[in-house]
Amino acid sequence: MEQAQRFRQGSQTPVHPAPTQTEAVVFDFDGTLADSFPWFAAELNAVGRDWGFRQVAAEDASRLRHLSADAIFRELRVPRWKLPWIARDLRRRMARDIDQITLFEGIEPLLNRLAVSDLRVAIMSSNTARNIRTVLGPSLYAGIEAFECGAALNGKQQRLKRLSRRLRLPTAALIYIGDEVRDIEAARRAGAKAGAVTWGYNSESALRAKAPDQLFQQIAEIADQLLCPTMESG
């Protein structure tokens, strides 16, 4: 009250609200927790043949990692109306090949460490709940409090808001961690903090250009940076 009175009386020092504490971490799945990019890269041209978009040459793969999802679709000449159908086809194909998808090394201990902390954990992904459950396995799956699956390619911000309501937290108390530029953009539009990992789809330089709130170069850094010593219960 005294600070507010001083500000109204003409103080030159504005009073800023304290930043909202992070209470929940929301992970993207493919490229963040699961090492699915090699499968995706191998399957992309088969999908392209079926849906009539341009084939990707091997030498193009590294260049595409610097582009946003929208820029990639333009590059491959994919009409926007086809995107939901292509995404559905990719999810179906992944379910068929799910035994080829594994978690990145270090994800299992990360999720186990978070599970015994006060930080709540959720997953939001365009992938299906069945695919995610299969790759995580029953033990890790049981440690995730909430899921938002099947998110549209450009609809993640709405799913993130819905997830915050399910967790009964303001979106500002969430950090959404993903591997793509569009994940950073979705977090910002939803009012959540944006985290990015450098081992997934988009390149580190593309992610840095979007200035995420936190950038993780090693899996262990996620717990190290998000968990204060007082937050861990074991």
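General remarks:
- Qualifying residue in the range 200-215 (condition: open to solvent by 30 Å² or more (accessible area, probe 1.4 Å), small (G, A, S) and farther than 19 Å from R65 by Cα): no
- Test result for L76, aliphatic (A, V, I, L, M), crowded, with 16+ Cβ neighbours inside 10 Å and closer than 12 Å to W51 by Cα: yes
- Hits in the range 191-206 (condition: modelled with pLDDT under 95 and in contact with a strand residue (DSSP E or B) (Cβ under 9 Å, 6 or more places away or on another chain)): G200, Y201, N202, E204
- Residue within the range 43-60 that is under 19 Å from the mean Cα position of the chain (by Cα), modelled with pLDDT of 85 or more and either loosely packed, with under 12 Cβ neighbours inside 10 Å or farther than 27 Å from T171 by Cβ (or both) present: no
- Selected residue (criterion: farthest from the chain's Cα centre (by Cα)) from residues of the range 23-42 that are of a type in the set (A, V, I, L, M) and open to solvent by 10 Å² or more (accessible area, probe 1.4 Å): A42
- Against the list (1) farther than 27 Å from P84 by Cα; (2) touching a helix residue (DSSP H, G or I) at 6+ places or on another chain (Cβ under 9 Å), the condition R208 fails is (2).
The values are calculated or read from the model by the stated rules, or taken from the named source; none is laboratory data. As the structure is a prediction and not an experimental result, all values here were calculated from the model. Positions of Cβ are backbone-derived with ideal geometry, glycine not excepted, and every protein chain shown enters the neighbour counts. Note: areas computed on protein heavy atoms with side chains; ligands, DNA, RNA excluded. Shrake-Rupley method; radii C 1.70, N 1.55, O 1.52, S 1.80 Å.
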